[in-house]
Amino acid sequence: DIQMTQSPSTLSASLGDSVTLTCRASHSISGWLAWYQQRPGKAPKLLIYKASTLQGGVPSRFSGSGSDTDFTLTISSLQPDDFATYYCQQYKNYSRTFGQGTKVEIK
Amino acid sequence: QVQLEQSGAEVKKPGSSVRVSCKTAGDSFNKYSISWVRQAPGQGLEYMGRIVPALNIRNYAQPFQGRLRITADKSTTTAYMELSSLSFEDTAVYYCARDVSGSYFDFWGQGTLVTVS
């Protein structure tokens, strides 16, 4: 299986900050990567797919980049709803795997 | 808005089985796969497997092979996940999700808590 590693595990930031989350794959996955946001007690929500394509209805302050093994999710100007846990997920093959998550908390 | 409606919480004994349902709209059932993902308390997301209802094709993640069965009822556009030989480690919230051609998951059910106790 392809292992996904996210860093940092926890990120403390303030409202209005710009933050960057990192996801690294153990093998090349080209651009076959998605990002999800999960708020406490809720189901995950798709933010980005194919590394950089924004899902419909997702605010433009979210952006993704990367290819091969290294990917980033950037949130510009953090809003109250953005404090949540973010997961990356590879879909190079049918055995999809997720990263362990990055929790974005209020400083 | 696409909706996936899951069945309610379950409490099961070790060694038993659990079945969770996921009702979707017909369009989702005919054109997409349905996958299952679980999340143990305080942990991350774990992919379990999927079904392509239109073709009756299934794929199971290796950790679950042999005790996971995913089925689909086209008449009711409902998918089912049945996990057997439950242990305490299977306590988790189980999600169904619409699976875009074996890639990412664009809509999710609300989750079903399965407690093994």
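Do you know which residues across the stretch B:93-113 are part of a strand (DSSP E or B) and either hydroxyl-bearing (Ser, Thr, Tyr) or more than 12 Å from the chain's Cα centre (by Cα) (or both)?
B:Tyr94, B:Tyr95, B:Phe105, B:Asp106, B:Phe107, B:Thr112
For the stretch A:51-63, state whether one or more residues are assigned to a strand (DSSP E or B), touching a strand residue (DSSP E or B) at 6+ places or on another chain (Cβ under 6 Å) and more than 14 Å from chain B (Cβ to nearest Cβ).
Within the stretch A:51-63 (the criterion being assigned to a strand (DSSP E or B), touching a strand residue (DSSP E or B) at 6+ places or on another chain (Cβ under 6 Å) and more than 14 Å from chain B (Cβ to nearest Cβ)), the answer is yes, since at least one residue qualifies.
Would it be correct to say that B:Ser17 is in contact (Cβ under 8 Å) with a residue 40 or more places away in the chain and farther than 20 Å from B:Gln110 by Cα?
yes
Go through A:Ser7, A:Ser60, A:Ser67, A:Ser30 for me and flag whichever is over 13 Å from the mean Cα position of the chain (by Cα), surrounded by fewer than 17 Cβ atoms within 10 Å (Cβ to Cβ) and in contact (Cβ under 8 Å) with a residue 60 or more places away in the chain.
A:Ser30
Taking the stretch B:42-54 as the region of interest, how many residues are open to solvent by 50 Å² or more (accessible area, probe 1.4 Å) and either within 14 Å of chain A (Cβ to nearest Cβ) or among the β-branched types (Val, Ile, Thr) (or both)?
Keep residues of the stretch B:42-54 that are open to solvent by 50 Å² or more (accessible area, probe 1.4 Å), which gives B:42-43, B:46, B:54.
If we keep only those that are either within 14 Å of chain A (Cβ to nearest Cβ) or among the β-branched types (Val, Ile, Thr) (or both) as well, we get B:42-43, B:46.
Residues in the stretch B:42-54 being open to solvent by 50 Å² or more (accessible area, probe 1.4 Å) and either within 14 Å of chain A (Cβ to nearest Cβ) or among the β-branched types (Val, Ile, Thr) (or both): 3 in total.
What is the one condition in (1) among the basic types (Lys, Arg); (2) open to solvent by less than 40 Å² (accessible area, probe 1.4 Å); (3) over 23 Å from B:Val2 (Cβ atoms) that A:Arg24 does not satisfy?
All conditions pass for A:Arg24, except number (2).
Look at B:Ala25 and say whether it is within 14 Å of chain A (Cβ to nearest Cβ) and either closer than 18 Å to A:Tyr87 by Cβ or open to solvent by 40 Å² or more (accessible area, probe 1.4 Å) (or both).
No.
Looking at the stretch A:37-50, I want the residues that are in a strand (DSSP E or B) and have a partner that is open to solvent by 20 Å² or more (accessible area, probe 1.4 Å) and among the small types (Gly, Ala, Ser) with Cβ atoms under 7 Å, at least 6 apart or on another chain. Which pairs are those?
Correct list of pairs: empty, since none qualify.
Only one residue in B:Gly102, B:Gly109 is surrounded by fewer than 19 Cβ atoms within 10 Å (Cβ to Cβ), within 14 Å of another protein chain (Cβ to nearest Cβ) and closer than 24 Å to A:Trp32 by Cα. Which one?
The unique qualifying residue is B:Gly102.
For residues in the stretch B:62-84 being touching a residue at least 40 places away in the same chain (Cβ under 8 Å) and out of contact with any Cys (no Cβ under 8 Å at 6 or more places or on another chain), which is least open to solvent (accessible area, probe 1.4 Å)? It would help to see each step written out before you state the result.
Within the stretch B:62-84, the first condition is being touching a residue at least 40 places away in the same chain (Cβ under 8 Å), and the residues that meet it are B:72, B:74, B:76-84.
Now restrict to residues that are out of contact with any Cys (no Cβ under 8 Å at 6 or more places or on another chain): B:72, B:74, B:76-77, B:82-84.
On the way: B:Ala72: 35, B:Lys74: 124, B:Thr76: 56, B:Thr77: 24, B:Glu82: 68, B:Leu83: 0, B:Ser84: 33 Å².
Restricting to residues being touching a residue at least 40 places away in the same chain (Cβ under 8 Å) and out of contact with any Cys (no Cβ under 8 Å at 6 or more places or on another chain), the top hit is B:Leu83.
All but one of (1) assigned to a strand (DSSP E or B); (2) open to solvent by 50 Å² or more (accessible area, probe 1.4 Å); (3) within 10 Å of chain A (Cβ to nearest Cβ) hold for B:Ser35, so report the exception by its number.
Looking at each condition in turn, B:Ser35 falls short on (2).
Sort out which residues of the stretch A:70-107 are facing chain B (nearest Cβ under 8 Å) and either free of Cβ contacts under 8 Å to residues at least 40 places away in the same chain or assigned to a strand (DSSP E or B) (or both), and write them in order of number.
Scanning the stretch A:70-107 gives A:Tyr87, A:Gln89, A:Tyr94, A:Arg96, A:Thr97, A:Phe98.
The values are calculated or read from the model by the stated rules, or taken from the named source; none is laboratory data. Everything numeric in this text was worked out from a predicted model, so none of it was measured. Ideal geometry is used to build each Cβ from the backbone, glycine not excepted, and the neighbour counts take in all protein chains shown. Quick note on the areas: whole protein, heavy atoms, side chains included, nothing else; ligands and nucleic acids left out. Shrake-Rupley method; radii C 1.70, N 1.55, O 1.52, S 1.80 Å.
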